[in-house]
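Chemist: Once you've had a glance at the structure underneath, I'll fire off some questions.
Taken together, the values in this text are just the output of simple stated rules run on the coordinates, not laboratory data. Treat the numbers as computed from the prediction; the structure is a model and nothing was measured. Positions of Cβ are backbone-derived with ideal geometry, glycine not excepted, and every protein chain shown enters the neighbour counts.
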Amino acid sequence: MEGNADGNPLVGVDLAGWFEANGRDLPWRRTRDPWAILVAEAMLQQTQVARVTERWPRFLRRFPTPSICAAAPVGDVIDEWAGLGYNRRAVALHRAATAVVERHDGHVPEGLADLLALPGVGPYTARAVRVFALELDDAVVDTNVARILARVGGRSLRPAPVQALADGAVPRGRGWLWNQALLDVGAGWCTARAPRCADGCPVAAAGRCAWWAAGRPEPDPAVGSARVSGGQSRFDGSDRQGRGRLVDALRRGPVPVAELPFIMGWPDDATRAERVAATVVTDGLARRRGETLTLGG
C-alpha cells in the first residue's frame, strides 16, 4: 500500500461511477447543515441505518438547532432518543449543543480541533461534519472504511497509519463523494462476514485489493486491524440491558428505588440493580432524589 507513488492506496478505483449507480439515498446526504449532520452521525453510532432514517427527521423537528437543543432539559433529549440505543449518546449530544452555544455562538465549528473538543465528538464524527457538511477533503474512517484499507493492503494495520492512508486516498475536491462511496462499499460489499468481492466491488474490480487477489486467505487481515470493531458483547442479561430497561421506565415517569430490581430484570439481585442504576445517574441519564429516580441529569 505504501508503495504507491501518489500515496493513494486506492488509485484507479472508480468510486464516482460506482457511487452514481450504487450509492444509497439517505436523507442526511441531502443536507449540508452541520448540526443536522452531527445529529445523524451521533445516531448512526451502532444503530441501524433504517432506524436512523426514521428517527433523524423527527429529532430535528423537535431540536432543529444547537441552541434549541441546549435550551431543552437533557431529559427531553433522552426521551426523544427512545429506540436508538446507547442513551449516553443523547446526553453527549445535549452537552455538545451546549458547548456549541457557549463557545461558538450557536454555530457548529468548522475547525477539526474545535469539533474534537465538543463532548462526545471523536475523530470520525469530527471529520464527518467537515466532509459531509462543509465538503472538505478530510477522510472519515469508521469500521467499514478501516476494513477496506486492511484488505486493500492484505495485512492488519496499526492505529497510526490508518488515518494517514485514508487521507492520502481522497482526491482533491471530491471529499464528499469519495467518502460517501467508501462508506457504502464497506457497508454493502466489503462486509465483515460475507464480502461481495466478485459481485460489483469497485475496489476488487480495479485490482486494488491484495486480499482478494490472494484468494481471500485466512486470517482476514481486517480482523483485529485498527479501527475495525470486534463485535459487541452479549446483550441478553447484561448490565446494558438493565440500563436500557431503567431508562425506558424513566421515560414513562419517576422510578422508586425499591422497584429497580423488577424494572431492570433482576428481581432477586437488588445489589446489582442499585449498582447499575448508579452508573445511569453518573452518566447523566437520571437524577436520584431520596428514594426516587427521574429522567435526566
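Chemist: Report the Stokes-Einstein translational diffusion coefficient (µm² s⁻¹, integer) for the range 33-132, Rh taken as the Kirkwood radius over Cα pairs, at 10 °C with viscosity 1.306 mPa s.
Modeler: Taking Rh from Cα pairs, D becomes 120 µm²/s.
Chemist: Name the residue from TRP35, GLY83, PHE235 whose Cα lies farthest towards the positive end of the charge dipole of the chain, charges +1 on Cβ of Lys and Arg and -1 on Cβ of Asp and Glu.
Modeler: PHE235
Chemist: Compute the Rg to Rh ratio over the range 104-210 from the alpha carbon atoms, using the Kirkwood formula for Rh, and round to two decimal places.
Modeler: For the range 104-210, the value is 1.01.
Chemist: For n ≥ 4 DSSP H runs only, could you compute -39500 (n - 2.57) per run for the chain, divide by its residues and tell me the 222 nm figure to the nearest 500?
Modeler: Using -39500 (n - 2.57) per qualifying helix, the result is -15000 deg cm²/dmol.
Chemist: Same structure, new question: At most 11 other Cβ atoms within 10 Å and a DSSP loop assignment: could you name the GluC sites (Glu not before Pro) in the range 238-297 that fit?
Modeler: Here the sparse-neighbourhood loop sites are GLU291.
Chemist: So for ILE37, ILE68, ILE148, ILE263, fewest C-beta neighbours within 10 Å to most, what's the order?
Modeler: So the residues, fewest neighbours to most, are ILE68, ILE263, ILE37, ILE148.
Chemist: log₁₀ I(q)/I(0) of the chain at q = 0.08, 0.10 Å⁻¹, via Debye over equal Cα point scatterers, no solvent, to two decimals?
Modeler: Per q value, in the given order, log10 I(q)/I(0) is -0.41, -0.63.
Chemist: What is the Rg over Rh value, at two decimals, for the range 189-248, using alpha-carbon atoms and the Kirkwood definition of Rh?
Modeler: Ratio value, two decimals: 1.22.
Chemist: While we're here: Sort 217-224, 134-141 by the packing proxy (mean of other Cβ within 10 Å over each peptide's residues), most packed first.
Modeler: Highest-to-lowest ranking by the protection proxy: 134-141, 217-224.
Chemist: Rounded to whole Å, give me the distance from the Cα center of the range 123-161 to that of the range 229-297.
Modeler: 35
Chemist: While we're looking at this one, here's another question. Can you sort ASP76, ASP248 by how many other beta carbons sit within 10 Å, fewest first?
Modeler: Least crowded to most crowded, the residues run ASP248, ASP76.
Chemist: Over the Cα atoms of the range 239-295, how large are the radius of gyration and the largest Cα-Cα distance (Dmax), in Å?
Modeler: 9.6, 26
Chemist: Along the three principal axes, how long is the range 196-289 when you take its alpha carbons, biggest first, rounded to the nearest angstrom?
Modeler: Each principal axis gives a Cα extent; for the range 196-289 these are 62, 24, 22 Å.
Chemist: Continuing with this model, one more query. For a footprinting-style exposure proxy, rank PHE59, PHE19, PHE132, PHE235 by other Cβ within 10 Å, fewest first.
Modeler: PHE235, PHE19, PHE59, PHE132
Chemist: Charges at C-beta only: +1 for Lys and Arg, -1 for Asp and Glu. How large is the resulting dipole of the chain about its Cα centre, in Debye rounded to 20?
Modeler: With Lys and Arg at +1 and Asp and Glu at -1, about 340 debye.
Chemist: For a quick protection proxy, order the peptides 101-112, 84-95 by their average other-Cβ count within 10 Å, most packed first.
Modeler: 84-95, 101-112
Chemist: Let me ask something else. Through the Karplus equation 6.51 cos²θ - 1.76 cosθ + 1.60, θ set to phi - 60°, convert the phi angles of the range 192-198 into ³J(HN,Hα) values in whole Hz; use x for Gly and Pro.
Modeler: 5, 9, 9, x, 9, 4, 9
Chemist: Give the distance, in whole Å, between the Cα centre of the range 181-203 and the Cα centre of the range 76-111.
Modeler: Here the answer is 32 Å between Cα centres.
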